[in-house]
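Participant: Got a structure for you, questions after.
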Amino acid sequence: MAGELSVIFFNRIHSHTVLKKARPGEFRVQSEYGGSAELVDADPIVIQAAEQVLLSISDPLLYARIDGVMRSGKFVLMEAELIEPYLFFGLAPGSLEKFVRSCLELAGK
């Protein structure tokens, strides 16, 4: 699976994963540079690796987007987006509702 994976969690629970790809001749995956994004079923190895990143953070997390690439069958972390990430709600039906539920759970409602 070539491209950059964004593994998205709400309240530390995996919600969805997106594969971002650059257009030919470009290295940036953002849509303004011709990149694409699609919802994918992530391999459990990817989700487990992203969860390991979250284990290094002890504070409560409403959301997290763990970005990385696959290299030699392993998920390699590129960045952990914890502030203002794009969460791809439009690609994953039901993800906005999961996000709202997580907000309410963390607020104690």
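Participant: Among the candidates Ala42, Ala37, single out the residue that is under 14 Å from Ala2 (Cα atoms) and in contact with a Lys or Arg (Cβ under 9 Å, 6 or more places away or on another chain).
Facilitator: Going through Ala42, Ala37 in turn, just one is under 14 Å from Ala2 (Cα atoms) and in contact with a Lys or Arg (Cβ under 9 Å, 6 or more places away or on another chain): Ala37.
Participant: Pull out all pairs, ordered by first then second residue, where Cβ-Cβ is under 7 Å, the residues are six or more apart or on different chains, the first lies in the stretch 71-93 and is modelled with pLDDT of 90 or more, and the second is in a loop (DSSP other than H, G, I, E, B) and not polar (S, T, N, Q).
Facilitator: If the second residue must be in a loop (DSSP other than H, G, I, E, B) and not polar (S, T, N, Q), the pairs left are Leu82/Leu61.
Participant: Let me ask something else about it. Consider Ile83 against the criteria (1) outside any loop (DSSP other than H, G, I, E, B); (2) surrounded by fewer than 16 Cβ atoms within 10 Å (Cβ to Cβ); (3) not small (Gly, Ala, Ser): it satisfies all of them except one. Which criterion is unmet?
Facilitator: (1)
Participant: So, one more: Considering Arg28, Arg65, which residue is touching a residue at least 40 places away in the same chain (Cβ under 8 Å), within 19 Å of Met78 (Cα to Cα) and either touching a Cys at 6+ places or on another chain (Cβ under 8 Å) or not hydroxyl-bearing (Ser, Thr, Tyr) (or both)?
Facilitator: Checking each option against the conditions leaves just Arg65.
The values are calculated or read from the model by the stated rules, or taken from the named source; none is laboratory data. Computed from a prediction, not measured in an experiment: that's the story for all the values here. Positions of Cβ are backbone-derived with ideal geometry, glycine not excepted, and every protein chain shown enters the neighbour counts.
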